[in-house]
1. Per residue of region 69-77, what does 6.51 cos²θ - 1.76 cosθ + 1.60 with θ = phi - 60° give for ³J(HN,Hα)? Whole Hz please, x for Gly and Pro, Karplus curve as stated.
2. For the residue pair Thr96 and Ala197, what label-to-label distance in nm results when each label sits 7 Å from Cα along the Cα-to-beta-carbon direction?
3. Which cross-chain or sequence-distant (5 or more) residues have an amide H under 5 Å from the amide H of Gly101, H modelled 1.01 Å from N in plane?
4. Using a 1.4 Å probe and ignoring any ligands, DNA or RNA, find the accessible area of Arg37 and quote it in Å² to the nearest 10.
5. So how exposed is Ser257, as accessible area in Å² (1.4 Å probe, rounded to 10)?
6. Once amide H atoms are built 1.01 Å from N in the peptide plane, which residues 5 or more positions from Gly159, or in another chain, come under 5 Å H to H?
7. With every protein chain in place, what's the accessible area of Tyr30 (1.4 Å probe, Å², nearest 10)?
8. List every residue whose amide H lies under 5 Å from the amide H of Cys22, counting only residues 5 or more places away in sequence or on a different chain, with H placed 1.01 Å from N in the peptide plane.
Amino acid sequence: MTACAFESATADGSEWATRPGCVITADGSYAARLAHRGGSWYPERWTLDGPEPYAVPLPGNQPEEPGTEVQPLTDGRVLIHRPVGGRHLFSLLYPTGPGTGELPLGAVDGSLGGVRLRLLPPAPTGDRACALAVGPRSTTVWLVAGGTNGPERLAELPGRCSGGVWLDRSGRMLALDRALDDGPTKTVVVDLGRGGAVSPLLQITDGSTDRLLLADPDSGLLLIRSDAPSPGRERLGWGVLGSTLPVRFPGCLDLDSPMTPFAIQPGQLLAPESCAVAFRVDGPAGSWLAVWRPAHRRARHLPAPQGWLAGAGLWTREGVLRLPFATGAVRCGVARLEPAVTASGPSARQPEQEREPEHGQCREMEAEGKTESEGDAETEGKAAQESVRPVPLQEAPLQQPPPVSPRPRKVPASSGITLRRTLTWPRPDTAAAPHPGMPTPHPGVSIPQPGTPVTHPGAPVTTTQLPLTTPTAPAPAGTLPSPPAPSDTANIATPAPAVTAAR
């Protein structure tokens, strides 16, 4: 599963992102949030991998502050980060019968130089947690849970960094959005397995602000925010890690309301254009959902379930979007939504296929998302199709011809016979020995040879030549599409060898 990730920056360009309503482990087994009841805040752990979700409160000796961060581990414990007097304290919480057990892990001193510290998204391995400490001139990556002796310094790099996206399943390659002095923000990769070696990842133009919002290690799909296509105004785009294709900036993702991706469908190996992406859309009337695939030119806008913990959710490999929510009547619930975004073509209108939600419901909004600009109206009908076969990432096409599947060959209806599989006949010069246990054919009944007319009692006499081999499908036809217009595309800088090796 692909769990929610934190955006690199808010829509207005702020470096410190808005936190989601809860944090989910990378495998989707646990979630944690800071709950509020009776005028006080306390940590709460959700179990999501059982028959139905349930919550376990983990209150401490005193109420928590609103700025406290929590993050679940795959062993069921919850990491808590408490800023106290310029220091950052870390502990592991776990249930102990009626009470809460707490294991102190140590502290990171942030009192000097105005250091700001926050937790990074959950590591893919689920057995450790990292934090990002940003100072005036440098940034430090800390291992705050899963080490041998308290918090450990993993890497330090010059510049102010924000964001934080894991690029591999081992938790070694970490992408950060870095700004040097007064220069633009660019995404770099930090190799935590080589002492924090830094290499560039995104550099669309020299003066553009390029941020990485989300990534899927399986397909290599990247969700990007950049002002390269329209200087001064950031837009959402997508690209493929390790590909030579340019970054695309779809018009359906260019809305007046800020859109934040929080989950990508996993398991789509070598097919990034078929991955479903879930967005949180914030407007004057509140927050709602949008679901989109790179192969399509349209985003579906859906209402969020009541009590949705905004910005939190995950996809399953089967394409089901799970959204955690909490209401006054339901303390812990997960709504399941299966959007019909696999239709061929942007104009296909199919009803949403909903599964029975776990204590919640989700229905499609009547309003549609913003479409492509008028300049793309002529190409609207030529939507990208699903891939016929897996292709290497560097050759992943944005468009593919529709798959050509052979139709089953049928004998005329008058005979009442439909060929469903290849028939194997004995060689004409070889007598077919009866199988042990099979009855001897009745005298007068014979097995016809290929090409022999078959006569059925009561039906007209029809001669049919049955094929001896299964028809083969023609090779996929079509060529790679030409590159898009320069105004809507830009190139991803080729990552360093360390990045390529981490795919």
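1. With the stated coefficients, region 69-77 comes to 10, 10, 8, x, 10, 6, 8, x, 7 Hz.
2. Distance between label points: 4.4 nm.
3. Here the answer is Tyr94, Thr96, since their amide H atoms fall under 5 Å of that of Gly101.
4. About 140 Å², ignoring ligands and nucleic acids.
5. About 30 Å², ignoring ligands and nucleic acids.
6. Close amide H contacts, sequence-distant or interchain: Ser138, Thr139.
7. Rounded to the nearest 10, that gives 40 Å².
8. For Cys22, whose amide H was placed from the backbone, the distant partners under 5 Å are Ala312.
The values are calculated or read from the model by the stated rules, or taken from the named source; none is laboratory data. What you are looking at is a predicted structure, and each value in this text was computed from that prediction instead of being measured. Positions of Cβ are generated from backbone atoms using ideal geometry, with glycine treated the same way; all protein chains shown enter the neighbour counts. When the accessible area is computed, the model is the full protein with side chains, heavy atoms only, and any ligands, DNA or RNA have been set aside. Shrake-Rupley method; radii C 1.70, N 1.55, O 1.52, S 1.80 Å.
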